[in-house]
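K.L.:
Okay, handing you the structure first.
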Amino acid sequence: MRFENVLVVDPIDGEFVGSVETEENVISEIKRVKGTQEFERILMPGFVDPHTHGSVGVDTLSMSQKDLEKWENFLYSQGVTYFLPTTMSSTPSAILSAARVVRDYIKNNSLTSVGGIHYEGPYLSLKRKGAQNPELIRSIDLKEIEETLIESVKLITMAPELEGFSHAQELIQKRGITLSLGHTDATYEDMERAYNQGCDRITHFPNGMNTLHHRKLGCVGAVLSLPFSVEMIMDGIHSLPGFVKLIFGIKGAEKIMIVTDTIDATAMPDGEYELGGQKVILKNGRPTLEDGTIAAAVLVFSGAVRNFREFTDCTLKELAMVSSLNALNSMGIKDRGRISKGYRADLVLLDETLEVQETILNGKTVFKS
Ligand code: FE
């Protein structure tokens with residue numbers, strides 16, 4: 001595969017006009033064009049969404065392998081080459097059954113963007129539940145955790161103030177699974193302890209956590225003063241554009257990961273949907289629970305990428321960090337997320353307005369507009 005006269009955007013080497021060649025599944029050659037700066041299309045590392053509950057009518061907790069295929073194909077049209085279907089707080093058997101669907105899907109498909117499963121809950125703060133079902137949020141149970149940790153589990157969101165958290169953290173990290181802090185009412189000290197024990201990642205900051213006070217730093221204060229990486233839902237609703245810009249100024253592009261946090265109603269008409277056993281009403285593109293609580297999101301990934309660029313006025317190099325490399329790094333994945341020789345050819349070709357033209361997964365075209 002060869003891409004001529006493209007604007008190559010690498011999160012480390014930056015932006016330059018040139019050509020990129022892939023051989024089998026890796027990037028084999030990159031040539032910079034000297035002089036002329038004209039280019040036709042933009043080539044970026046494939047997008048990564050580590051936090052999405054569903055799309056196109058498919059929901060992580062109830063999907064079949066066929067449903068997951070439909071969801072994956074939709075995400076190809078968004079330039080996504082790696083994603084983690086994400087659960088809500090649920091029963092151990094429901095969570096485990098979703099993890100098995102993901103495991104079997106990966107086993108049955110040699111070419112897939114499904115990287116594993118993200119458990120968002122059920123060990124969360126009731127006070128900071130957001131749209132999580134309060135009846136299914138519970139205290140930490142190490143035996144239950146052990147039973148639900150099968151090989152497809154890549155990421156777990158947990159509240160660090162819960163009793164038994166330190167032991168749970170040790171158990172999860174020992175298994176090579178990434179831990180993320182979220183839906184939490186923790187103190188600064190709880191957050192700091194988790195950080196010092198090796199967790200440096202925050203789930204959909206600052207949604208589902210206590211806020212900053214100058215005499216009580218809390219979760220937000222800890223996240224801003226310690227080198228945590230933060231997921232941010234980039235719909236302009238969960239965090240206003242001005243807040244995204246503020247966090248970009250404080251933490252920099254190296255510490256932000258765009259997520260969608262989408263639900264099954266994404267790319268679907270207005271109506272009634274379900275999220276973790278609760279009714280969700282989608283009206284004018286805005287999903288809420290019956291009491292008006294914002295219920296996850298319905299934005300598409302390429303829209304989230306364009307939003308980030310618009311909210312922060314960042315460079316394309318920075319955009320490649322927040323849309324791909326940072327999320328991969330946070331899960332210890334090192335073979336992709338860059339346009340550099342030897343890296344896996346997971347790529348997205350965009351026009352100048354950042355609309356997806358083509359998606360390449362492991363050296364093969366999986367979407368073309
Ligand atoms: Fe959440």
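K.L.:
Pick from the stretch 107-124 the residues that are within 16 Å of the ligand (Cβ to nearest atom) and either open to solvent by 10 Å² or more (accessible area, probe 1.4 Å) or touching a helix residue (DSSP H, G or I) at 6+ places or on another chain (Cβ under 9 Å) (or both): which of them is nearest to MET331 (Cα to Cα)?
P.N.:
Per the stated criteria, the residue is ILE117.
K.L.:
Hey, could you check the stretch 24-48 for residues that are part of a strand (DSSP E or B), of a type in the set (Lys, Arg) and farther than 14 Å from LEU350 by Cα and say which is most open to solvent (accessible area, probe 1.4 Å)?
P.N.:
Taking the candidates together, the pick is ARG32.
K.L.:
So which of LYS341, LYS317, LYS334, LYS251 ends up being basic (Lys, Arg), more than 25 Å from TYR76 (Cα to Cα) and modelled with pLDDT of 90 or more?
P.N.:
Going through LYS341, LYS317, LYS334, LYS251 in turn, just one is basic (Lys, Arg), more than 25 Å from TYR76 (Cα to Cα) and modelled with pLDDT of 90 or more: LYS251.
K.L.:
Which of the residues belonging to the stretch 43-54 are within 16 Å of the ligand (Cβ to nearest atom) and of a type outside the set (Val, Ile, Thr)?
P.N.:
Those that are within 16 Å of the ligand (Cβ to nearest atom) and of a type outside the set (Val, Ile, Thr): ASP49, PRO50, HIS51, HIS53, GLY54.
K.L.:
Also: Being more than 23 Å from ALA295 (Cα to Cα) and aliphatic (A, V, I, L, M) is the filter; apply it to the stretch 97-106 and report the residue that is most open to solvent (accessible area, probe 1.4 Å).
P.N.:
Only one residue fits best here, namely ILE106.
K.L.:
Looking at the stretch 247-274 only, could you name the residues that are of a type in the set (Phe, Trp, Tyr) and not in a strand (DSSP E or B)?
P.N.:
Of everything in the stretch 247-274, just one residue is of a type in the set (Phe, Trp, Tyr) and not in a strand (DSSP E or B), namely PHE248.
K.L.:
I would also like to ask the following. Filter the stretch 182-234 down to the residues that are over 21 Å from SER89 (Cα atoms) and of a type in the set (Ser, Thr, Tyr), then identify the one that is surrounded by the fewest Cβ atoms within 10 Å (Cβ to Cβ).
P.N.:
THR211
K.L.:
Report the residue count in the stretch 80-90 for those that are of a type in the set (A, V, I, L, M, F, W, C) and either part of a loop (DSSP other than H, G, I, E, B) or open to solvent by 10 Å² or more (accessible area, probe 1.4 Å) (or both).
P.N.:
Residues flagged as of a type in the set (A, V, I, L, M, F, W, C) and either part of a loop (DSSP other than H, G, I, E, B) or open to solvent by 10 Å² or more (accessible area, probe 1.4 Å) (or both) within the stretch 80-90 amount to 1.
K.L.:
For GLU21, are the conditions met, namely being in contact with a helix residue (DSSP H, G or I) (Cβ under 7 Å, 6 or more places away or on another chain), of a type in the set (D, E, K, R), closer than 20 Å to GLU358 by Cβ and part of a strand (DSSP E or B)?
P.N.:
It is false that GLU21 is in contact with a helix residue (DSSP H, G or I) (Cβ under 7 Å, 6 or more places away or on another chain), of a type in the set (D, E, K, R), closer than 20 Å to GLU358 by Cβ and part of a strand (DSSP E or B).
K.L.:
Taking the conditions exactly as written (modelled with pLDDT of 95 or more, aliphatic (A, V, I, L, M), within 16 Å of the ligand (Cβ to nearest atom) and under 30 Å from ARG41 (Cα atoms)), does ALA304 satisfy them or not?
P.N.:
Here the answer is yes, as ALA304 does meet what is asked.
K.L.:
Still on this model: Only one of these is within 16 Å of the ligand (Cβ to nearest atom) and modelled with pLDDT of 95 or more: SER239, SER229, SER225. Name it.
P.N.:
The match here is SER239.
K.L.:
Additional query: Just checking, does the stretch 58-79 include any residue being assigned to a loop (DSSP other than H, G, I, E, B), within 16 Å of the ligand (Cβ to nearest atom), free of Cβ contacts under 8 Å to residues at least 60 places away in the same chain and crowded, with 24+ Cβ neighbours inside 10 Å?
P.N.:
Yes, the conditions are met somewhere in the stretch 58-79.
K.L.:
Now for a different question. What tally of residues in the stretch 182-196 results from selecting those that are farther than 15 Å from PRO122 by Cβ and within 16 Å of the ligand (Cβ to nearest atom)?
P.N.:
Residues flagged as farther than 15 Å from PRO122 by Cβ and within 16 Å of the ligand (Cβ to nearest atom) within the stretch 182-196 amount to 2.
K.L.:
Does SER93 satisfy the criteria of being assigned to a loop (DSSP other than H, G, I, E, B) and not aromatic (Phe, Trp, Tyr)?
P.N.:
No.
The values are calculated or read from the model by the stated rules, or taken from the named source; none is laboratory data. Predicted, not measured: the structure shown is a model, and the values here were computed from it. Note that we place each Cβ from the backbone using ideal geometry, even for glycine, and neighbour counts take in every protein chain shown. The protein model used for the area step is the full one, side chains on, heavy atoms only, and it has no ligands, DNA or RNA in it. Shrake-Rupley method; radii C 1.70, N 1.55, O 1.52, S 1.80 Å.
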